[in-house]
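Down below is the structure, laid out as structure tokens.
The values are calculated or read from the model by the stated rules, or taken from the named source; none is laboratory data. Small disclaimer: the values here were computed from a predicted structure and weren't measured. Neighbour counts run over all protein chains shown; Cβ positions are idealised from the backbone, glycine included. When the accessible area is computed, the model is the full protein with side chains, heavy atoms only, and any ligands, DNA or RNA have been set aside. Shrake-Rupley method; radii C 1.70, N 1.55, O 1.52, S 1.80 Å.
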Amino acid sequence: MKLDPFYLIVDSAAWIERLVPLGVKLVQLRIKDMDEAGLRREIRVAKTICARHGCQLVVNDYWRLAIDAGCDYVHLGQEDLAEADVAAIRHAGLKLGLSTHDDAELDTALAAAPDYVALGPVYPTILKAMKWAPQGLDRIAEWKKRVGTTPLVAIGGLNVERISGVFAYGADIAAVVTDITLNADPEARTRQWLAATAQWR
């Protein structure tokens, strides 16, 4: 299954309900600090919306809840990967995306045979404090050589104006958070992303 080159990352089912109908085909639900009942509800609602619109839902972190909800993709950071039961994830039929920031993390990720690898931050990001400096475009090219046919996701500081560069250097997918969610008109910005990534679709 080929993943869409435009990867939207949001923190609520409300965002998914708002933006997925515009044509988004790949979205991650990344929620921090919510009780389990709330998480289950958000995942269930997000899954229903995505199914209705032919969008691939990726659940961040909560792999047990993703299994319970019958989802088919989960994304893990390195700390979550260290504590996760990858065999259980695979046994449940879930595909796995993994974050990487340096060579050691890429080695760890590749050992888990992921369905995609994310590299970040490509550019400076305001989303969260990062101990890693911006990776830059050359690192994308290096990572792509190492991951081979595994899809490579570029994330961190991306906007519409920068995406042609990340694809030119070997990324298969461009992930976005704040360029859309903090935009004055998120719907219009989403349409811009959809149009700008169409040539790689």
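Within the stretch 164-201, count every residue that is over 19 Å from Q56 (Cβ atoms) and touching a Ser or Thr at 6+ places or on another chain (Cβ under 7 Å).
Of the residues in that region, 0 qualify.
Could you list, in sequence order, all residues of the stretch 69-108 that are of a type in the set (A, V, I, L, M, F, W, C) and open to solvent by less than 30 Å² (accessible area, probe 1.4 Å)?
The first filter runs over the stretch 69-108 and keeps only residues of a type in the set (A, V, I, L, M, F, W, C), leaving 69, 71, 74, 76, 81-82, 84, 86-89, 92, 94, 96, 98, 104, 106.
Residues satisfying the conditions are C71, V74, L76, L81, A84, I89, L94, L96, L98, L106.
So which helices (runs of 4 or more DSSP H) are wholly in the stretch 97-186 and hold at least 1 residues that are over 18 Å from the mean Cα position of the chain (by Cα)?
Numbers: elements: 103-111, 137-147, 163-168, 178-181.
Qualifying helices (runs of 4 or more DSSP H): 103-111, 137-147, 163-168.
Which ones in the stretch 12-43 are open to solvent by 60 Å² or more (accessible area, probe 1.4 Å), in contact with a helix residue (DSSP H, G or I) (Cβ under 8 Å, 6 or more places away or on another chain) and either in a strand (DSSP E or B) or among the acidic types (D, E) (or both)?
Those that are open to solvent by 60 Å² or more (accessible area, probe 1.4 Å), in contact with a helix residue (DSSP H, G or I) (Cβ under 8 Å, 6 or more places away or on another chain) and either in a strand (DSSP E or B) or among the acidic types (D, E) (or both): E17, E36.
Is there a residue in the stretch 76-96 that is within 19 Å of L152 (Cα to Cα) and touching a Pro at 6+ places or on another chain (Cβ under 6 Å)? Steps first, please.
Of the stretch 76-96, the ones within 19 Å of L152 (Cα to Cα) are 76-78, 81, 94-96.
From what's left, touching a Pro at 6+ places or on another chain (Cβ under 6 Å): 96.
Yes, the stretch 76-96 has at least one match.
Does the stretch 44-68 hold any residues that are surrounded by fewer than 17 Cβ atoms within 10 Å (Cβ to Cβ) and aliphatic (A, V, I, L, M), and which are they?
Residues satisfying the conditions are V45, A51.
I'd like the full set of residues that are in contact (Cβ under 8 Å) with a residue 40 or more places away in the chain, under 18 Å from S99 (Cβ atoms) and not hydrophobic (A, V, I, L, M, F, W, C), limited to the stretch 163-201.
Those that are in contact (Cβ under 8 Å) with a residue 40 or more places away in the chain, under 18 Å from S99 (Cβ atoms) and not hydrophobic (A, V, I, L, M, F, W, C): D172, T178.
Condition first: free of Cβ contacts under 8 Å to residues at least 24 places away in the same chain, open to solvent by 20 Å² or more (accessible area, probe 1.4 Å) and farther than 13 Å from L8 by Cα. Can you find one or more residues in the stretch 150-162 that meet it? Don't jump to the end; show me each part of the working.
Taking the stretch 150-162 first, the residues free of Cβ contacts under 8 Å to residues at least 24 places away in the same chain are 159, 161.
Right, trim to open to solvent by 20 Å² or more (accessible area, probe 1.4 Å) and you get 159, 161.
Going one step further and asking which of them are farther than 13 Å from L8 by Cα, we end up with 161.
Yes; the residues of the stretch 150-162 include at least one that is free of Cβ contacts under 8 Å to residues at least 24 places away in the same chain, open to solvent by 20 Å² or more (accessible area, probe 1.4 Å) and farther than 13 Å from L8 by Cα.
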